[in-house]
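In what follows, a single structure is set out as structure tokens and then discussed.
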């Protein structure tokens, strides 16, 4: 097979390799995975924020509960003292009674604060439960997509290995200067360095050549490397 026809065969294999690599990079599951991972990050940030708010509420509740327990203990002691009969002076009795009343008011105020905190925490807990379920769903979807991508990549990599092996064989015996020129043109011209000349049309850029240029090309030696002046591709007659 003439070198230029072998070069066309090489390009066909290179284009097939390019297409497979593009397919590997552009798997639809890859975009879906990126979207799900982004959603997962947003969900985790929202959960972190909600859990921090709930933690603050729980700490505030514990402080209230501790203070209420202290008040209860003090009220019990004061009531015991009041009912012990050891205090007989009216002024002391009144002072003790006022202290007990004040402790009761403070306890009721704290209990109101605790109820308010509980009411504030309930919707947060509901949101945390909802987001945890959402996170579990996204996690499962991410796992599925990762597995699907791995399967697709494995299949494509197998095809690529076959094509790369066949491509290596296609270069055997081709002049190195021709191969170098081919690689430079491929890099410059979107992967298509060689094109058939069909009639007067370059199948690389699909532009018709002037009749004079076509005539020159057709009368060139069979092994001459000719190019399309407009697009720069090597033409195969």
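At-a-glance table
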item: Search result, residues across region 185-200 that are part of a strand (DSSP E or B) and either touching a residue at least 60 places away in the same chain (Cβ under 8 Å) or buried (at least 16 other Cβ atoms within 10 Å of the Cβ) (or both); result: 194, 195, 196, 197
item: Residues of region 101-152 that turn out to be in contact with a helix residue (DSSP H, G or I) (Cβ under 8 Å, 6 or more places away or on another chain) and within 30 Å of residue 26 (Cβ to Cβ), as a count; result: 11
item: Odd one out for residue 226, checked against (1) in contact with a helix residue (DSSP H, G or I) (Cβ under 9 Å, 6 or more places away or on another chain); (2) under 21 Å from residue 19 (Cβ atoms); (3) outside the structural domain of residue 14 (by TED's automatic domain parsing); result: (2)
item: Of residues in region 220-233 being within 46 Å of the chain's Cα centre (by Cα) and assigned to a loop (DSSP other than H, G, I, E, B), the one surrounded by the fewest Cβ atoms within 10 Å (Cβ to Cβ); result: 229
item: In region 206-219, the residues that are assigned to a loop (DSSP other than H, G, I, E, B) and over 24 Å from residue 189 (Cα atoms); result: 219
item: Options 149, 138; residue that is buried (at least 16 other Cβ atoms within 10 Å of the Cβ), assigned by TED's automatic domain parsing to the domain that holds residue 23, farther than 24 Å from residue 22 by Cα and under 38 Å from the mean Cα position of the chain (by Cα); result: 138
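The values are calculated or read from the model by the stated rules, or taken from the named source; none is laboratory data. Every value quoted in this text rests on a predicted model; they were computed, and no experiment measured them. FYI the Cβ positions are ideal-geometry reconstructions off the backbone, even for glycines, and counts take in every protein chain you see.
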